[in-house]
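**Student:** Sharing a structure, written as structure tokens. Questions coming.
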Amino acid sequence: MLPTARRRDPQRAGAGGRRAAGAAGLVDRVTARLLETRWLMRMPIPLYRAGLGWILGERLVMIEHLGRVSHEPRFVVVEVVERKRNAIRVASGFGEHAQWYRNLRANGVAYLSTGRARRVRAQVRLLDRADSETVLRRYAAAHPEAWQHLHGAMDYAAGGDAHIPVVEFAPPTGPPPTGRVAEVLPRATARLRFRQMTPADLDAMSGLLGDPDVMRFYPAPKTREQAAAWIAWNQRNYAEHGYGLWIIETHAGDFVGDCGLTWQEVNGVRKLEVGYHVTATWQRTGCATEAATACRDFAREHVGARELVAIIHPDNRASERVAEKIGMHRVEDHLAASGSRRIVLSMTL
């Protein structure tokens, strides 16, 4: 059994005991009310999303998870109850009914931010009751005062002896699970939606990257084999970062091109770039700007970069206009080892 919050019997302890028990009960009631106050519990989230979570130290962690129905990103900040060499464990104060706990149980998708680490993908394991109690016994021994009020508040909120489940986060053992619920994507726009590339997109991607008109500012159009390598590269990006270049298509499912976020070297400095390629059919329709705007917003909300750039051929005025429309301005030229020059547009996220 879990250690219980100690209470002195008021009947045996006299007036002093009654006052102590009353004070402890008041703290538990106040703590429970605070935990139920959504705006207060969400106050640290903007700090983490702005890259300032390190201010709060490593005792707290922000968990990014996915809604079970909406598939939209959700955020919660909770206390770390135990750290092991390769794992972080947290407790669900509202038990198995907490929304974030139910989301993790439904789809197992989690990205963690704690200390100076930002949006690290993690494997989720829901500990059973016995293992949860073992972890919380160690927490109670290490932090007796915090445990007294946590357990007391949860008992009060639950109306009785509360079961507090523990969730363990560990390094992933493979690529992110496939399927819609495992993806965090830019929000759909008025005309477009996003999804991850798969090998099934080879025909569409080889047609896009092999089109001389689309690729006129590249050294040469890409072969089918190079298009397959392009898809594989982006799948590695999804696994490592949680983002890359995504397929963009209409809401009816018509292929439009690709657009997304990748890390590139600009004069020896690693920077996050927004990139886009649109089929000849959909060029000059505003689709590139629409998709790039959604990716810019995604970078602000989910990626720990302070700057977003676009690296563009000097003669590609259409692509430069897209970058300008999403808020970028020209900052420098990038000189490649081959001697080729590209202009660089930038904006602060």
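The values are calculated or read from the model by the stated rules, or taken from the named source; none is laboratory data. Keep in mind that this is a model prediction, so the values were computed, not measured. Neighbour counts run over all protein chains shown; Cβ positions are idealised from the backbone, glycine included. For the accessible areas, the whole protein counts, side chains as well, though only heavy atoms, and no ligand, DNA or RNA atoms are used. Shrake-Rupley method; radii C 1.70, N 1.55, O 1.52, S 1.80 Å.
**Student:** Only one of these conditions is not met by residue 220: (1) under 21 Å from the mean Cα position of the chain (by Cα); (2) in a loop (DSSP other than H, G, I, E, B). Which number is it?
**Tutor:** Result: residue 220 fails condition (1) only.
**Student:** So residue 342 ticks every box in (1) within 16 Å of residue 189 (Cβ to Cβ); (2) open to solvent by 10 Å² or more (accessible area, probe 1.4 Å) but one. Which box is left unticked?
**Tutor:** Residue 342 satisfies every listed condition except (1).
**Student:** Failed condition for residue 349, given (1) open to solvent by 50 Å² or more (accessible area, probe 1.4 Å); (2) under 17 Å from residue 257 (Cα atoms); (3) in contact with a helix residue (DSSP H, G or I) (Cβ under 6 Å, 6 or more places away or on another chain), with all others met?
**Tutor:** (2)
**Student:** For the range 279-328: of the residues being among the β-branched types (Val, Ile, Thr) and closer than 22 Å to residue 118 by Cβ, which is farthest from the chain's Cα centre (by Cα)?
**Tutor:** 309
**Student:** How do the pairs read when you match residues in the range 224-237 that are farther than 10 Å from residue 197 by Cβ and open to solvent by 70 Å² or more (accessible area, probe 1.4 Å) with residues anywhere that are assigned to a helix (DSSP H, G or I) and modelled with pLDDT of 95 or more, using Cβ under 6 Å and keeping only pairs 6 or more apart or on different chains?
**Tutor:** Close Cβ pairs satisfying both conditions: 224/206.
**Student:** Moving to a separate point now. Collect the residues in the range 246-261 that are open to solvent by 10 Å² or more (accessible area, probe 1.4 Å) and either in contact (Cβ under 8 Å) with a residue 60 or more places away in the chain or under 22 Å from the mean Cα position of the chain (by Cα) (or both), keeping them in residue-number order.
**Tutor:** Result: 251, single match.
**Student:** On the basis of being over 21 Å from residue 108 (Cβ atoms), modelled with pLDDT of 95 or more and either open to solvent by 30 Å² or more (accessible area, probe 1.4 Å) or hydrophobic (A, V, I, L, M, F, W, C) (or both), does residue 187 make the cut? Can you show your working first?
**Tutor:** On the way: over 21 Å from residue 108 (Cβ atoms): yes; modelled with pLDDT of 95 or more: no; either open to solvent by 30 Å² or more (accessible area, probe 1.4 Å) or hydrophobic (A, V, I, L, M, F, W, C) (or both): yes.
Judged against the criteria, residue 187 is not a match.
**Student:** Looking at the range 73-132, what strands (runs of 3 or more DSSP E) fall wholly within it and have at least 2 residues that are open to solvent by 30 Å² or more (accessible area, probe 1.4 Å)?
**Tutor:** Values: elements: 73-84, 87-91, 110-114, 117-126.
Strands (runs of 3 or more DSSP E) meeting the threshold: 73-84, 117-126.
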